[in-house]
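Student: Before I ask anything, let me first share the structure, which is written out below as structure tokens.
The values are calculated or read from the model by the stated rules, or taken from the named source; none is laboratory data. None of the values given here were measured: they were computed from a predicted structure. So basically every Cβ, Gly included, is an ideal-geometry build from the backbone, and we count neighbours across all protein chains shown.
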Amino acid sequence: MDQLVEKISQQVLAQLNEGLPREDLDCHGCAFRSCGIANRACDQAKFDRKVPVGVSARHVHVTQSDLEVLYGDRHQLTVFAPLYQPGAFAAKETVTIVGRRMRAIEGVRILGGVRSYSQVEVAPTDAIRLGLDPPIRDSGDLRGAEPITLVGPNGSVHLNEGAIIPSRHVHMTPEEAEGFGVSESDRLKVHMIGERSLVFENIRPKIHSDYVLQMHLDTDDANAAGLRGGEAVELLKVS
């Protein structure tokens with residue numbers, strides 16, 4: 001029943017979004033680069049020298065060879081909408097992810113471009129639904145990752161080590177890292193204010209000149225703190 005409800009919801013959303021210009025799409029957890037919202041909270045957060053939050057829903061990264069198995073020879077990812085980080089985008093292509101005992105979640109979006117590895121990033125609640133116990137990892141660190149199968153319209157790909165829960169992390173430029181006094185070996189601590197105030201720890205800096213300042217949380221963390229995306233947080237501690 002849950003899968004049927006989710007499938008119907010996805011079909012309705014797809015129909016609503018079909019044909020809309022990208023700037024008219026909702027922000028969806030402050031993930032998209034252009035959301036059509038004036039005076040965005042994420043932009044104000046950076047102006048105030050705080051860190052905006054981005055909510056990262058379950059998603060898939062694939063290699064070109066795996067993409068061709070899933071969608072056919074020479075298939076290329078099609079841009080659905082640019083993401084907040086430069087060069088990244090949500091693709092129109094989706095897959096079904098299948099865990100143990102054939103537990104599945106349909107309509108999981110592929111994020112582009114293609115990578116040198118294939119992986120699935122899920123929140124802990126998703127993992128329970130799939131019957132998995134994935135490790136918390138940075139993207140691309142698949143040692144000990146859980147086995148999972150991707151199913152596309154043209155074929156399926158089984159990943160022996162493919163499913164992870166993404167580590168809490170924050171993207172920043174070297175200049176921003178210097179301003180915050182942060183290095184990649186540090187672990188950061190932030191305070192989420194509001195009705196569901198929480199302190200999150202073990203946040204990993206990801207530093208690159210191409211990055212845009214933003215902290216990424218999975219949907220479980222965001223829901224626990226009552227966050228929708230774009231909210232400003234302050235770094236409390238560097239260890």
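Student: Working only within region 96-114, note down all residues that are within 18 Å of residue 57 (Cβ to Cβ) and under 15 Å from the mean Cα position of the chain (by Cα).
Tutor: Within region 96-114, 107, 108, 109, 110, 111, 112 qualify.
Student: Within region 183-193, can you find the residues that are modelled with pLDDT of 90 or more and surrounded by fewer than 20 Cβ atoms within 10 Å (Cβ to Cβ)?
Tutor: Residues satisfying the conditions are 183, 184, 185, 186, 187, 189.
Student: Looking at residue 222 and the list (1) in contact (Cβ under 8 Å) with a residue 60 or more places away in the chain; (2) surrounded by 18 or more Cβ atoms within 10 Å (Cβ to Cβ); (3) more than 28 Å from residue 129 (Cα to Cα), which single condition is not satisfied?
Tutor: Of everything listed in (1) in contact (Cβ under 8 Å) with a residue 60 or more places away in the chain; (2) surrounded by 18 or more Cβ atoms within 10 Å (Cβ to Cβ); (3) more than 28 Å from residue 129 (Cα to Cα), residue 222 misses just condition (3).
Student: Does residue 79 count as surrounded by 15 or more Cβ atoms within 10 Å (Cβ to Cβ), on the phi < 0 side of the Ramachandran plot and modelled with pLDDT of 95 or more?
Tutor: Working: surrounded by 15 or more Cβ atoms within 10 Å (Cβ to Cβ): no; on the phi < 0 side of the Ramachandran plot: yes; modelled with pLDDT of 95 or more: yes.
No; evaluated as a whole, the condition is false for this residue.
Student: Moving on to the next point. Mind counting the residues in region 68-87 that are farther than 23 Å from residue 210 by Cβ and hydrophobic (A, V, I, L, M, F, W, C)? Steps first, please.
Tutor: As a first pass, look at region 68-87 and keep what is farther than 23 Å from residue 210 by Cβ: 68-75.
If we keep only those that are hydrophobic (A, V, I, L, M, F, W, C) too, we end up with 69-70.
The number of residues fulfilling the criteria is 2.
Student: Then there's this: Looking only at region 205-224, which residues are of a type in the set (Gly, Ala, Ser) and assigned to a strand (DSSP E or B)? Even if it seems obvious, please write down each step before you answer.
Tutor: Just the residues of region 205-224 that are of a type in the set (Gly, Ala, Ser), to begin with: 209, 222, 224.
If the condition is that a residue be of a type in the set (Gly, Ala, Ser) and assigned to a strand (DSSP E or B), then no residue fits.
Student: Oh, and also: Take region 68-95 and flag every residue that is of a type in the set (Lys, Arg) and either within 30 Å of residue 172 (Cβ to Cβ) or within 19 Å of the chain's Cα centre (by Cα) (or both). Quick ask: steps written out before the conclusion?
Tutor: The initial filter retains those residues of region 68-95 that are of a type in the set (Lys, Arg), namely 74, 92.
The answer is 92, and nothing else.
Student: Also, quick follow-up: I'm trying to understand the selection: among the residues of region 186-204, which are closer than 15 Å to residue 220 by Cβ and not in a strand (DSSP E or B)?
Tutor: Within region 186-204, 196 is the sole residue that qualifies.
Student: Given the criterion assigned to a strand (DSSP E or B) and over 24 Å from residue 131 (Cα atoms), identify the matching residue among 227, 235.
Tutor: On the way: 227 fails: assigned to a strand (DSSP E or B).
Being assigned to a strand (DSSP E or B) and over 24 Å from residue 131 (Cα atoms) holds for just one of 227, 235, which is 235.
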